[in-house]
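Chemist: Take this structure first; my questions come after.
The values are calculated or read from the model by the stated rules, or taken from the named source; none is laboratory data. Since the structure is predicted, the reported quantities are computational estimates derived from the model, not experimental observations. Positions of Cβ are backbone-derived with ideal geometry, glycine not excepted, and every protein chain shown enters the neighbour counts.
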Amino acid sequence: MYQPGDRVIYVAEKHGPHPGPRAEAVQPETNGEGYSYRVKKFWVVLEVLDDSLVVRTRRGKQRSVATNDPRLRPAKWWEKLLLSSRFPDQPQDREEPSEGQRVAAG
C-alpha cells in the first residue's frame with residue numbers, strides 16, 4: 001500500500017498545559033492542570049519494511065511506525081496540494097553534491 005516517497009499523515013495524541021495553534025479535539029484533563037489533544041504530523045515514507053514504515057519528519061528525524069497503526073494514513077490528494085509546505089522535502093541523493101554546492105564548497 002505504501003511506497004517510498006509517499007506522503008502520510010500521523011495523528012499524534014499529546015498532553016500539555018498549552019496546546020498549540022494546530023491542536024485538534026482539545027479536552028481538559030480531569031485534574032484541571034493541562035489538556036489532552038491531537039496534532040497531525042506530516043511525514044514522507046523513506047522505506048517500506050515487512051510490517052512497518054521508516055518515515056522522515058519535518059525536522060529530518062527518522063521514525064518507524066507500524067503499517068497497521070490506526071493513527072497513520074496516506075495523505076489525500078487535496079492535502080498534498082494545499083498542505084504541501086507542511087510535509088518534509090522529498091529525500092535527495094546526498095552522495096553527489098549539486099553544482100551550486102560544489103561551487104560554494106570550492
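Chemist: Could you tell me whether any residue of the stretch 59-74 is touching a helix residue (DSSP H, G or I) at 6+ places or on another chain (Cβ under 9 Å) and under 15 Å from residue 88 (Cα atoms)?
Modeler: No - not one qualifying residue is present in the stretch 59-74.
Table: residues versus (1) at pLDDT 95 or above; (2) polar (S, T, N, Q).
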{"residue": "44", "(1), (2)": "yes, no"}
{"residue": "53", "(1), (2)": "yes, no"}
{"residue": "59", "(1), (2)": "no, no"}
{"residue": "72", "(1), (2)": "yes, no"}
{"residue": "84", "(1), (2)": "no, yes"}
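Chemist: Also: Please determine, by comparing only the residues of the stretch 1-34 that are part of a loop (DSSP other than H, G, I, E, B) and hydroxyl-bearing (Ser, Thr, Tyr), which one is farthest from residue 80 (Cα to Cα). Outline the logic, then answer.
Modeler: Of all residues in the stretch 1-34, those part of a loop (DSSP other than H, G, I, E, B) come to 1-6, 17-23, 29-34.
When the remaining residues are screened for being hydroxyl-bearing (Ser, Thr, Tyr), the result is 2, 30.
Working: 2: 15, 30: 37 Å.
Only one residue fits best here, namely 30.
Chemist: Next question, about the same structure. Among the residues of the stretch 53-68, write down those that are touching a residue at least 40 places away in the same chain (Cβ under 8 Å) and in a loop (DSSP other than H, G, I, E, B).
Modeler: 67
Chemist: Just for the stretch 1-13: of the residues that are surrounded by 13 or more Cβ atoms within 10 Å (Cβ to Cβ) and charged (D, E, K, R), which one is farthest from the chain's Cα centre (by Cα)?
Modeler: In this case the residue turns out to be 6.
Chemist: Mind checking whether some residue in the stretch 93-105 is surrounded by 15 or more Cβ atoms within 10 Å (Cβ to Cβ) and either outside any loop (DSSP other than H, G, I, E, B) or modelled with pLDDT of 95 or more (or both)? Step through it out loud before you land on a result.
Modeler: From the stretch 93-105, those surrounded by 15 or more Cβ atoms within 10 Å (Cβ to Cβ) are none; that's our starting set.
No, the stretch 93-105 contains no residue that is surrounded by 15 or more Cβ atoms within 10 Å (Cβ to Cβ) and either outside any loop (DSSP other than H, G, I, E, B) or modelled with pLDDT of 95 or more (or both).
Chemist: Looking only at residues in the stretch 14-41 that are free of Cβ contacts under 8 Å to residues at least 24 places away in the same chain and of a type in the set (A, V, I, L, M), which one is surrounded by the most Cβ atoms within 10 Å (Cβ to Cβ)?
Modeler: My answer is 23.
Chemist: Next question, about the same structure. Output the residue which, of all residues in the stretch 41-57 that are in contact with a Lys or Arg (Cβ under 7 Å, 6 or more places away or on another chain) and not aromatic (Phe, Trp, Tyr), is nearest to residue 22 (Cα to Cα).
Modeler: Across the stretch 41-57, the extreme among qualifying residues is 57.
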